[in-house]
Amino acid sequence: MNPAALRAQLLAWYDANARDLPWRVGPKAHAAGVRADPYRVWLSEVMLQQTTVPHATPYFLAFTARWPTVAHLAAEADGEVMAAWAGLGYYARARNLLACARAVAADHGGVFPDTEAGLRALPGLGPYTAAAVAAIAFDEATNVVDGNVERVMARLFAVEEPLPDAKPELKRLAGGLVRDDRPGDWAQALMDLGATVCRPKAPLCDRCPVAGHCAALAGGAPESFPRRTAKTARPHRHGVAYVLTRGDEVALVRRPPKGLLGGMLALPTSDWRTGPWSEAEARAAAPAPADWRGVGEVEHGFTHFTLTLKLLRAEGEADGMIWTPRRGLAALPSVFLKAARAGLSNLL
Ligand code: SF4
């Protein structure tokens, strides 16, 4: 990895391919001395959190037509801004937007602070937005890292550590490429690369200006970065449910008051354990001696585990049961209703 060469290649690509966005001062104009309006940069960054450029653009145009400066926005009634925000979602963000606009108007004379630290002190303006506005509007050499930049770093450096644990390392790697030279263009070049070339799925590596530096591409599977922690398998437990009938009635029990489904009516069951039950084990654990027959099994998902209940069915008597007519089974918790229905119908 040669950071100087990588930077030069990405900035040259940005000079030729920068997206034309309504809040952006393109690289040519920027080189000629035009500076981005921090109000427009800030507004666009807030709108672009969690939504796409095509979706945010009409909102951006409507907001800036109606409220051309932060002072105009700050003076607006809450209800008007919230109504204009409708469709962008995340209304907390609109409230934060107004809180920030009003602080800029009231405490800073309508002028945004021109440093990352000063921006960070504003209410409702988070670390990412502060870094982005400071870089793009004020050319401060900040480290602007969002999900796109994390992905690009994970691929360029083939970072094996999975997300989210890798976040600090990805930020450190991104920071290692920041220089005082063109920090605003650099931040936007990385954004454009992540959005249009180094896409989450099917990255366009054959069009990538920094492909020669990319360790993930060299390894042959760039799309497999960033690594992600495999979802831990949901625990699985196994039990036996006993469907004991006496004519039209079914034997139920009341579960102990504490624990899962505590105090609720249930089919009699064995313990629930990690390993499956053999038929012989299931018979041995039955609530009464009877001519038990296996009638299949049901599976049920609880919040923290999945349960497989082997079903045994018999006709007979047992002590301590709550004998309930079949039509009364509808009051059972769903796992036992499912088991009772399966146990009874599998018999037919
Ligand atoms: Fe992303 Fe491919 Fe470029 Fe690597 S070569 S940075 S994976 S687009």
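Miscellaneous remarks
- For the chain, share of DSSP beta bridges that run antiparallel, in % to the nearest 5: 60 percent
- Inter-centroid distance (Cα atoms) of region 234-272 relative to region 57-109, Å: 57 Å
- Out-of-range pairs (alpha-carbon distance over 26 Å; input Lys167/Lys201; Lys28/Lys171; Lys28/Lys167; Lys231/Lys338): Lys28/Lys171; Lys28/Lys167; Lys231/Lys338
- At an R0 of 30 angstrom, the distance between the Cβ atoms of Lys338 and Asp165 translates into a FRET efficiency of 0.20.
- When the charge dipole of the chain is built from unit charges on Cβ atoms (+1 for Lys and Arg, -1 for Asp and Glu) and taken about the Cα centre, the candidate among Leu61, Thr306, Gly126 whose Cα reaches farthest toward its positive end is Thr306.
- Peptides 317-330, 297-310, 123-136 ranked from most to least packed give 123-136, 297-310, 317-330, packing being the mean of other C-beta atoms within 10 angstrom over each peptide's residues.
- 3J(HN,Hα) along region 322-327, derived from phi through the Karplus expression 6.51 cos²θ - 1.76 cosθ + 1.60 where θ = phi - 60°, amounts to 9, 7, 10, x, 4, 5 Hz, with x in place of Gly and Pro.
- Remark on Leu252: its backbone amide H falls under 5 Å from those of Ile322, Trp323, Thr324, a criterion applied only to residues 5 or more positions apart or on other chains, H modelled at 1.01 Å from N.
- Inter-centroid distance (Cα atoms) of region 275-322 relative to region 1-46, Å: 67 Å
- Oblate is the label for region 103-143, because the ratio a/c of its alpha-carbon gyration tensor axes (a ≥ b ≥ c) is 1.5 or higher and a/b is not greater than b/c.
- Length released on extending from Trp272 to Thr229, taking residue separation times 0.36 nm less the Cα-Cα span: 12.6 nm
- Antiparallel DSSP beta bridges within region 236-347, as percent of all bridges there, nearest 5: 65 percent
- Inter-label distance for His236 and Glu80, nm, one decimal - labels placed 7 Å from Cα along Cα-to-Cβ: 6.1 nm
- Unit charges at the beta carbon, dipole of the chain: most positive-side option, Pro27, Leu98, Val70: Leu98
- Each Lys and Arg Cβ is given +1 and each Asp and Glu Cβ -1; about its Cα centre, the chain then shows a dipole of about 720 debye.
- Note on the chain: dipole from Cβ charges, positive end direction compared against Asn17, Gly220, Leu156; the farthest Cα belongs to Gly220.
- Between Glu279 and Val53, the modelled labels are 6.5 nm apart [label points 7 Å from Cα along Cα→Cβ].
- Label point 7 Å beyond Cα of Asp181 along Cβ direction - residues of region 204-243 with amide nitrogen under 17 Å: 210
- Site pair Ala92 and Ala288 shows an inter-label distance of 5.5 nm when each label is modelled 7 Å from Cα along Cα→Cβ.
- With contributions of -39500 (n - 2.57) from each DSSP H run of at least four residues, the per-residue ellipticity at 222 nm computed over the chain stands at -13000 deg cm²/dmol.
Just so you know, all these numbers are worked out from the coordinates, no wet-lab data involved. Nothing here was measured: the structure is a model prediction, and the numbers come from that model. With ideal geometry, Cβ positions are generated from the backbone for all residues, glycine too; neighbour counts draw on all protein chains shown.
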